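Okay, so here's the structure we're looking at.
The values are calculated or read from the model by the stated rules, or taken from the named source; none is laboratory data. This structure is a prediction, so every number in the text was calculated from the model and none was measured. Note: ideal-geometry Cβ built from the backbone for every residue, glycine included; neighbour counts use all protein chains shown. Side chains are part of the model used for accessible areas, which takes the heavy atoms of the whole protein and leaves out ligands, DNA and RNA. Shrake-Rupley method; radii C 1.70, N 1.55, O 1.52, S 1.80 Å.
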Amino acid sequence: RSLLLATAGDLVFNGELPIELPGGNIGWAAGGQYRTTDFQSILRSPFQDVRVTPCPVPGTTNCALPTGPYIFLGQGTPVQLEDSVYAFFAETNLPITDKINAQAAIRYEDYGGLTGSTINPKLSAKWELTDMFALRGSVQNGFRAPSPQQQYFATTSTNFIDGVPYEVTTFPVTDPVAVALGAQPLKAEESINYSLGAVIRFGELNLTIDGYRID
């Protein structure tokens, strides 16, 4: 069984700058965040522990196929992992005119360890062409770090591989990290996200349509 505990703390300040644009004063916000993730994997039986019972026959440790006594259910290793992240952000609200509003933001996160740190900006804008119709759009960097389980934890299991001779076995034991990642540290996912949309108002009825592209 697995236990996962996540905690987070945020501190945010906001206000207005003494700088006035045609649409009003520039607004701002800034702050920080600290969050942790604790993961613990507990095995219910020593027969599930690959370090204790690697072979189908308990007490044997030199078998050709270390599947453990549960075979298809696989095995694992008890682990306790912890991940701490520091983040800081700043953003501004820019009332360029009475009809055009823009927002600019930037966020810094430090994951430490194998992931490291990242800086991600965002720019968005909205244009009120009429009281009934508005356009809006945004562009930003996206970043998703691997979780502690994805980065450090793997469970040995059997997987079907087509084309393997039956005398060898079509269900060899595999290590997901070694097979899927070539035993290399898992890298973070990065993207550039675009959106473009419209807002249409008819009295109390609002209609919105948005398109997204994620590279």
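Seen from a random direction on average, the alpha-carbon convex hull of segment 1-79 projects onto 9.6 square nanometres.
Show which aspartates and glutamates lie in cross-link reach of K187 when reach means a straight Cα distance below 16 angstrom and same-chain residues fewer than eight apart are skipped. Output for K187: D83, E109, D110.
Assuming charge only on the beta carbon of Lys and Arg (+1) and of Asp and Glu (-1), the dipole of segment 48-113 about its Cα centre is about 260 debye to the nearest 20. Modelled spin-label separation between D98 and R35, with each label point placed 7 Å from Cα along the Cα-to-Cβ direction: 4.1 nm. Counting only protein heavy atoms and a 1.4 Å probe, segment 36-99 has 60 square angstrom of accessible area per residue.
With θ taken as phi - 60° and the Karplus curve 6.51 cos²θ - 1.76 cosθ + 1.60 applied, the whole-hertz 3J(HN,Hα) list for segment 124-133 is 9, 8, 9, 10, 8, 5, 9, 5, 9, 9 Hz, x standing for glycine and proline.
The portion of the accessible surface of segment 17-154 made up by carbon and sulfur, rounded to a whole percent, is 59 (1.4 Å probe; DNA, RNA and ligands excluded).
Taking 4 °C and 1.567 mPa s as the conditions, I'd like the Stokes-Einstein D for segment 25-144 in µm²/s, using the Kirkwood hydrodynamic radius from alpha carbon pairs. Let's see the in-between values first.
Numbers: Rh = 19.4 Å.
Estimated via Stokes-Einstein, D reaches 67 µm²/s.
Once the Cβ-Cβ distance of S117 and L5 is raised to the sixth power relative to R0 = 41 Å, the FRET efficiency obtained is 0.95. Cα centroids of segment 81-99 and segment 104-128: 7 Å apart.
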